[in-house]
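Asks: Submitted below is the structure of interest, expressed as structure tokens.
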Amino acid sequence: MVAFLFGAVWDAIAGYLKAWRGVNEVITTLLLNYIAINIISYLLQYPLKAPDPPRPYSPLIAQSARLPLLLTLSLAPYGIILGFFVAIIASILLL
């Protein structure tokens, strides 16, 4: 939920610049990607860094919060199938 809200706020920056300043939204969103990469890099190296790691990384996601794997020999979770169904439903709703 927080990621959804943060994504909406982040995209609102490009929408604001397009609506009130007439700035091209493609250029704005491409440049905002570099800002987002730097923000994430900072967060992983300082406030979200796991204690005493060999390199910067955040703590692992709990097993109970992960989607199960599609096949035992694969790294693909069930989210791939869920994504296809959501894409199909969205395309039907947008027709």
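The values are calculated or read from the model by the stated rules, or taken from the named source; none is laboratory data. The model shown is predicted, which means the values in this text are computed figures rather than measured ones. Note that each Cβ is placed from the backbone with ideal geometry, even for glycine, and that neighbours are counted across all protein chains shown.
Asks: Write out, first by first residue and then by second, each pair whose Cβ atoms fall under 6 Å of each other, whose residues are 6+ apart or on separate chains, and whose first residue, in the stretch 47-68, is within 16 Å of residue 79 (Cβ to Cβ) and in the same structural domain as residue 80 (by TED's automatic domain parsing) while the second is of a type outside the set (Phe, Trp, Tyr) and surrounded by 10 or more Cβ atoms within 10 Å (Cβ to Cβ).
Replies: Listed by first residue and then by second, the contacts come to 67/77; 67/79.
Asks: Can you tell me which residue within the stretch 37-52, out of those that are surrounded by 11 or more Cβ atoms within 10 Å (Cβ to Cβ) and not β-branched (Val, Ile, Thr), is modelled with the lowest pLDDT?
Replies: Here the answer is 50.
Asks: Within the stretch 78-95, can you find the residues that are of a type in the set (Ser, Thr, Tyr) and either in a helix (DSSP H, G or I) or in contact with a Ser or Thr (Cβ under 6 Å, 6 or more places away or on another chain) (or both)? Give the derivation first.
Replies: We begin by selecting, within the stretch 78-95, every residue of a type in the set (Ser, Thr, Tyr); these are 78, 91.
The answer is 91, and nothing else.
Asks: Right, here's the next one. Against the definition (small (Gly, Ala, Ser), surrounded by 10 or more Cβ atoms within 10 Å (Cβ to Cβ) and over 22 Å from residue 83 (Cα atoms)), how does residue 12 come out, yes or no?
Replies: In short, yes.
Asks: Hey, any hits in the stretch 55-64 for a residue that's within 18 Å of the chain's Cα centre (by Cα) and at pLDDT 90 or above?
Replies: No, the stretch 55-64 contains no residue that is within 18 Å of the chain's Cα centre (by Cα) and at pLDDT 90 or above.
Asks: Select from the stretch 53-68 the residues that are farther than 19 Å from residue 40 by Cβ, of a type in the set (A, V, I, L, M) and loosely packed, with under 10 Cβ neighbours inside 10 Å and list them in ascending order. Spell out how you get there, then give the answer.
Replies: From the stretch 53-68, those farther than 19 Å from residue 40 by Cβ are 54, 62-68; that's our starting set.
Filter once more, so that each one left must be of a type in the set (A, V, I, L, M): 62, 65, 67.
Answer for the stretch 53-68, where residues must be farther than 19 Å from residue 40 by Cβ, of a type in the set (A, V, I, L, M) and loosely packed, with under 10 Cβ neighbours inside 10 Å: 62, 65.
Asks: Can you go through 17, 75, 43 and tell me which one is without any contact (Cβ under 8 Å) to a residue 12 or more places away in the chain and part of a loop (DSSP other than H, G, I, E, B)?
Replies: Result of the check over 17, 75, 43: 75.
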